[in-house]
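Novice: Quick one: the structure is below, and I'll ask about it shortly.
No lab work stands behind these numbers, since they all come straight from the coordinates. All figures in this text were calculated on a predicted structure; none of them were measured in a lab. For neighbour counting, all protein chains shown are included, and Cβ atoms are generated from backbone atoms with ideal geometry for every residue, glycine included.
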Ligand SMILES: *[C@@H]1O[C@H](CO)[C@@H](O)[C@H](O)[C@H]1NC(C)=O
Ligand SMILES: *[C@@H]1O[C@H](CO)[C@@H](O)[C@H](O)[C@H]1NC(C)=O
């Protein structure tokens, strides 16, 4: 067992010398109008593919949330097996099952993590499911310890759970990652950072939704740096702060993966002549990147595209609709930041929201491809795509 663990660590340290591109895939994209299924994934684009999501039962067992889609039983669609079979096309690809997500809530996880017997049940049922479907690890996406009907003890229990889960995974040559909050107050309450650093192979910091439809003004949901007029708590709501805070509290930079939203955040402006950050507005529905970029492309005359002073990220407005998003330039700048700050790499939420059909750009998955190219400093990916 110790030998295997040593091999895992060696493999990890080798793979970490190159930047990771961690890509979540929304399983429910297979049911949406613009259907995106496993076969739409380019297996040579991301280093890590994360299947979102599995859940847990009230007894703490891992649970398959959409068995008809994910399993083969009863004429099911076998999405788990088709997903992990992408490794046949790219043997270096790491396929991970992500457990949790916003919709799962926090309470069941809080209960499970607090109870040694339930933790055992979670870990043993998880290991069995991973092996049955040939996954290479777990991404723990508990949103969030101590929050949303969690309890103060979650902070300690989360680390205990991660330690036991990491031991079980590493013994089988698998890895453990976690998706975590970018918010200072949640980080303070929820995470024992040195403890997590000991157990996690990668930390996916969800540096998006930093502003959103709950704000009664417009702003960017994933600014790399603070905006000149940010004051108080808003000074913390940017990628640079979140990443540095995790590092300051003890997370090694080379385990940190910086998150990138491939969707917009949108508001309806109170007054269409006031469009700068902090203009009064009411939150409204957001778009997937592939549909938003297509709208911009088809109606270049109606949209006004801008960047706020001192910021890198674009926003666009049309009459009263105001949306922040990411483009080729802003993702390159963030990937470059990850590289320069010796981070592990970048994460996207999510692969299926990029321009996967190449309707906006002269190639598919332009935003993810741009980040990978920036890491490698070459057009290698583009070449492998053409092959
Ligand atoms: C991205 O948006 C910024 C801000 O509007 C703009 O300066 C830049 O040219 C855009 N990049 C591309 C590739 O369109
Ligand atoms: C990476 O992005 C930075 C910032 O936009 C840019 O200066 C640099 O040229 C890019 N490198 C590559 C290889 O694309």
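Novice: Give me 94, 348 sorted ascending by neighbouring Cβ count inside 10 Å, so fewest comes first. Please report the intermediate quantities before stating the final value.
Specialist: Numbers: 94 23, 348 28.
Result, fewest neighbours first: 94, 348.
Novice: Also, I was wondering about something else. Considering only DSSP beta bridges with both partners in the stretch 40-144, what is the antiparallel share in %, to the nearest 5?
Specialist: Working: 2 of 12 bridges.
Antiparallel bridges make up about 15 percent of those DSSP assigns within the stretch 40-144.
Novice: Taking only the alpha carbons of the stretch 166-297, what extent do you get along each of the three principal axes, in Å, biggest first?
Specialist: For the stretch 166-297, the Cα spread along each principal axis is 58, 35, 20 Å.
Novice: Which residue, 75, 250, 345, tops the fluctuation ranking in a GNM of the chain built on C-alpha contacts under 10 Å?
Specialist: 75
Novice: For the chain, with a Gaussian network of springs between Cα atoms less than 10 Å apart, report the residue from 106, 124, 350 with the top mean-square fluctuation.
Specialist: With Cα springs under 10 Å in the chain, the top fluctuation among 106, 124, 350 is at 124.
Novice: Order of 318, 325, 277 from fewest to most other C-beta atoms within 10 Å?
Specialist: Values: 318 15, 325 26, 277 20.
With the sparsest Cβ surroundings first, the list reads 318, 277, 325.
Novice: Also: Which whole-number percent is the relative contact order of the stretch 30-150 (Cα, under 8 Å, 6+ apart)?
Specialist: Values: 185 pairs, mean separation 35.2, N = 121.
Normalised by residue count, the contact order of the stretch 30-150 is 29 percent.
Novice: For the chain, what are the per-bin percents of Cα-Cα distances with bins 20 Å wide, up to the bin holding the maximum?
Specialist: Bins of 20 Å from zero give 28, 60, 12, 0 percent of pairs.
Novice: Taking springs between alpha-carbon atoms closer than 10 angstrom, which of 30, 242, 52 fluctuates most in the Gaussian network model of the chain?
Specialist: Fluctuation is largest for 30.
Novice: To continue, here is another question. Give me the distance in nm between label points sitting 7 Å out from Cα along the Cα-to-Cβ direction at residue 305 and residue 92, one decimal.
Specialist: 3.2
Novice: How would you rank 28, 246, 214, 303, going from fewest to most other Cβ atoms within 10 Å of each one's own Cβ? Numbers along the way, then the final one.
Specialist: Values: 28 14, 246 26, 214 7, 303 17.
So the ranking, lowest neighbour count to highest, is 214, 28, 303, 246.
Novice: Now for a different question. If you take the beta carbon distance between residue 184 and residue 33 as r and set R0 to 35 Å, what does 1/(1 + (r/R0)^6) give as a FRET efficiency, to the nearest 0.05? Mind dumping the intermediate values first?
Specialist: Values: r = 38 Å, r/R0 = 1.08.
After rounding to 0.05, the efficiency reads 0.40.
Novice: Pop the C-beta distance of residue 240 and residue 328 into the FRET formula with R0 = 22 Å and round what comes out to the nearest 0.05.
Specialist: FRET efficiency, residue 240 to residue 328: 0.60.
Novice: Kindly work out what percent of the DSSP beta bridges joining two residues of the chain are antiparallel, to the nearest 5. Present the calculation step by step, with values, prior to reporting the outcome.
Specialist: On the way: 20 of 55 bridges.
Within the chain, antiparallel bridges account for around 35 percent of the total.
Novice: Same structure again: How much length would be gained if the chain were fully extended between residue 156 and residue 102, taking 0.36 nm per residue of separation minus their Cα-Cα distance, in nm to one decimal?
Specialist: Between residue 156 and residue 102, full extension yields an extra 17.4 nm.
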